[in-house]
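Colleague: Supplied in structure tokens, the structure appears directly below.
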Amino acid sequence: MTGFVLTTAAGHWDPLLWLAAFIIILAIVYIIRSRGYKKYKRGTEQTLPFFSGNLPPVANIRSSNMYWGFFEAMGRYYKWLRRAHTGVVNDYVYSFVMLLVVILAAMTLGGLL
Amino acid sequence: MTMNLKDLSRSLWVFHLNTGSCNGCDIEIVAALTPRYDVERFGMKLVGTPRHADILLVTGPVSRDMEKKVKRIYEQVPDPKVVLVVGNCGNTGGVFYESYNLVGPVDRIIPVDVYVPGCPPRPEAIIDGVVRAWKRLEELGGKK
């Protein structure tokens with residue numbers, strides 16, 4: 001190690017170089033930002049994100065959440081489905097028996113039994 | 001019409017909003033942009049968000065469901081802004097006039113600066129409307 005520079009068998013690390021790079025990047029970001037449009041009125045719709053004229057969603061949607069729109073659109077169905085899936089075996093058996101009754105009734109009425 | 005376009009220091013960007021149009025006017029707008037008329041050579045282009053636009057170009061008679069969206073999008077365009085309505089439906093309601101499901105025409109919802117009538121208007125008429133909107137923008141102090 002000489003001065004600030006750390007030299008090892010695995011590599012070379014100079015904090016001053018990192019600092020210089022950080023300052024240069026910061027300067028570039030500042031220049032780009034300062035060239036932006038400054039006349040947007042704060043606190044109005046002009047500073048809110050454009051969401052096709054709709055109100056932007058309250059929570060941010062992660063890009064990895066590919067099925068967000070699907071779940072949002074089918075929300076009522078999933079709500080009902082979740083309520084049905086209680087995790088209690090008795091409920092599942094009850095559903096199974098009820099379905100069986102409906103099928104048998106339909107078959108009887110249809111003359112299949 | 002005398003023009004003085006020296007004040008506008010950058011190209012004119014337009015946000016196109018369809019409020020329930022049959023797409024006839026929208027096709028003519030595309031025709032104005034594509035090689036036959038090619039207004040993009042003057043730097044005029046459609047942008048994907050009202051926050052980048054100088055002009056709000058509206059087509060369609062404004063169906064009930066679109067009312068709040070039209071207002072919100074108008075408010076999202078930075079000042080100074082100009083509203084250009086293309087087509088009979090947006091101007092007067094057109095064939096949908098006094099329909100139960102309309103809240104338009106457009107000038108009942110937001111202030112309109114330039115009207116381009118026609119069903120649909122030809123690209124020449126749309127370009128003329130855009131030039132008038134450009135002039136109006138200069139009057140409003142369109143220097144960016």
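The values are calculated or read from the model by the stated rules, or taken from the named source; none is laboratory data. Note that the coordinates shown come from a computational prediction; the quantities given were computed from them, not determined experimentally. Please note: Cβ atoms are built from the backbone with ideal geometry, for glycine as well, and neighbour counts cover all protein chains shown. Please note that ligands, DNA and RNA were not included when accessible areas were found on the heavy atoms of the full protein model with its side chains. Shrake-Rupley method; radii C 1.70, N 1.55, O 1.52, S 1.80 Å.
Colleague: Per residue, how much space in cubic angstrom lies within the convex hull of the C-alpha atoms of the protein assembly as shown?
Modeller: In the protein assembly as shown, the Cα hull volume divided by residue count equals 346 Å³.
Colleague: Can you say what percent of the DSSP beta bridges in chain B, counting only those with both residues inside, are antiparallel? Round to 5.
Modeller: Values: 1 of 16 bridges.
Percent antiparallel among DSSP bridges in chain B is about 5.
Colleague: If I take R0 = 30 Å and measure r between the Cβ atoms of A:THR7 and B:HIS52 in this structure, what FRET efficiency does the formula 1/(1 + (r/R0)^6) give, to the nearest 0.05? Numbers along the way, then the final one.
Modeller: On the way: r = 50 Å, r/R0 = 1.65.
So, using R0 = 30 Å, E works out to roughly 0.05.
Colleague: A further question follows. Please go through the stretch A:1-50 and write out the trypsin sites (Lys or Arg not before Pro) that DSSP classes as loop and that have at most 15 other C-beta atoms within 10 Å.
Modeller: On the way: sites: A:ARG33, A:ARG35, A:LYS38, A:LYS39, A:LYS41, A:ARG42; in loops: A:ARG35, A:LYS38, A:LYS39, A:LYS41, A:ARG42.
For trypsin sites (Lys or Arg not before Pro) across the stretch A:1-50 that sit outside H, G, I, E and B with at most 15 neighbouring Cβ atoms in 10 Å, the list reads A:ARG35, A:LYS38, A:LYS39, A:LYS41, A:ARG42.
Colleague: Within a 10 angstrom radius of each residue's Cβ in A:53-63, how many Cβ atoms of other chains show up on average? Whole number is fine.
Modeller: 2
Colleague: Please compute the length gained on full extension between A:LYS79 and A:ILE31, using 0.36 nm multiplied by the number of residues separating them and subtracting their Cα-Cα distance. Please list the in-between numbers first.
Modeller: Numbers: separation 48, 0.36 × 48 = 17.28 nm, distance 4.90 nm.
Gain in length upon complete extension: 12.4 nm.
Colleague: Moving on. Please report the antiparallel percentage of DSSP beta bridges with both residues in the protein assembly as shown, rounded to the nearest 5.
Modeller: 25 percent
Colleague: Sticking with this one: Quick one: pull the percentage of alpha-carbon pairs in the stretch A:16-62 with a separation above 15 Å.
Modeller: Percent of Cα pairs beyond 15 Å in the stretch A:16-62: 66.
Colleague: Continuing with the same structure: Springs between alpha-carbon pairs under 10 angstrom, Gaussian network model over chain A: which of A:GLY11, A:GLY36, A:GLY69 fluctuates most?
Modeller: Between A:GLY11, A:GLY36, A:GLY69, it is A:GLY11 that shows the largest mean-square fluctuation.
Colleague: Using the heavy atoms of the protein chains alone and a 1.4 angstrom probe, what is the accessible area of the stretch A:17-113 per residue in square angstrom?
Modeller: Counting only protein heavy atoms, the per-residue value for the stretch A:17-113 is 93 Å².
Colleague: If you don't mind, there's one more thing I want to ask. Which loop GluC sites (Glu not before Pro) in the stretch B:1-106, with loop taken from DSSP, have no more than 10 other Cβ atoms within 10 angstrom of their Cβ?
Modeller: B:GLU98
Colleague: Quick one: which residues, 5 or more positions from B:LEU17 or on another chain, have an amide H under 5 Å from its amide H? H modelled 1.01 Å from N in the peptide plane, none for Pro or chain starts.
Modeller: Amide H to amide H, under 5 Å and 5 or more residues apart or across chains, B:LEU17 pairs with B:LEU57, B:VAL58, B:THR59.
Colleague: May I pose another question? What longest range of chain B stays clear of loop-exposed chymotrypsin sites (Phe, Trp or Tyr not before Pro) (DSSP non-H/G/I/E/B, at most 13 other C-beta within 10 angstrom)?
Modeller: Longest run free of exposed loop sites: B:1-96.
Colleague: Follow-up question, since we're still on this one. Find the relative contact order for chain A and round it to a whole percent, using C-alpha pairs within less than 8 Å whose residues are 6+ positions apart. Mind dumping the intermediate values first?
Modeller: Numbers: 22 pairs, mean separation 7.5, N = 113.
With pairs under 8 Å counted, the relative contact order is 7 percent.
Colleague: Sticking with this structure for a sec: Partner chain Cβ atoms within 10 Å, averaged over the residues of B:48-55 - can you pull that number for me?
Modeller: Mean shielding count: 2.
Colleague: I've got another one for you. Find the Cα radius of gyration of chain B, compare it with 2.2 N^0.38 Å by division, and give the number to two decimals.
Modeller: In units of the globular-protein estimate, chain B measures up at 0.98.
Colleague: OK, next. If you consider only alpha-carbon coordinates, what radius of gyration and Dmax does the stretch B:18-88 have, in Å?
Modeller: 12.7, 37
Colleague: Right, here's the next one. Under the definition of Cα pairs under 8 Å and six or more residues apart, what whole-number percent is the relative contact order of the stretch B:1-124?
Modeller: Details: 237 pairs, mean separation 34.4, N = 124.
The normalised contact order for the stretch B:1-124 reaches 28 percent.
Colleague: Given a 1.4 Å probe and heavy atoms of the protein chains only, how would you sort A:ARG62, B:ARG64, largest accessible area at the top?
Modeller: Putting A:ARG62, B:ARG64 in descending order of accessible area: A:ARG62, B:ARG64.
Colleague: Distance check, please: which entries in A:LYS41/B:LYS71; B:LYS69/B:LYS135; A:LYS79/B:LYS68 exceed 25 angstrom between their Cα atoms?
Modeller: On the way: A:LYS41/B:LYS71 16 Å; B:LYS69/B:LYS135 27 Å; A:LYS79/B:LYS68 28 Å.
Table pairs above 25 Å Cα-Cα are B:LYS69/B:LYS135; A:LYS79/B:LYS68.
Colleague: Just to be sure I understand: with springs between alpha-carbon atoms less than 10 Å apart, which residue in B:GLY60, B:GLY90, B:GLY24 has the highest mean-square fluctuation in the Gaussian network model of chain B?
Modeller: Maximum fluctuation in the GNM of chain B, among the listed residues, is at B:GLY24.
Colleague: Over all directions, how big on average is the projection of the convex hull of the alpha-carbon atoms in the stretch A:19-107, in square nanometres?
Modeller: 12.9 nm²
Colleague: So what is the accessible area of the stretch B:1-141 per residue, in Å², with the probe set to 1.4 Å?
Modeller: On the way: 6910 Å² over 141 residues.
I get 49 Å² per residue for the stretch B:1-141.
Colleague: Let me ask you something else. Relative to the Cα centre, what is the charge dipole magnitude of chain B, using +1 at the beta carbon of each Lys and Arg, -1 at the beta carbon of each Asp and Glu, and rounding to the nearest 20 debye?
Modeller: Around 380 debye, computed over chain B.
Colleague: Still on this model: What does a probe at A:ASN54 reach in the stretch B:70-109, counting residues whose amide N is under 17 Å from the point 7 Å along Cα→Cβ?
Modeller: B:70-73
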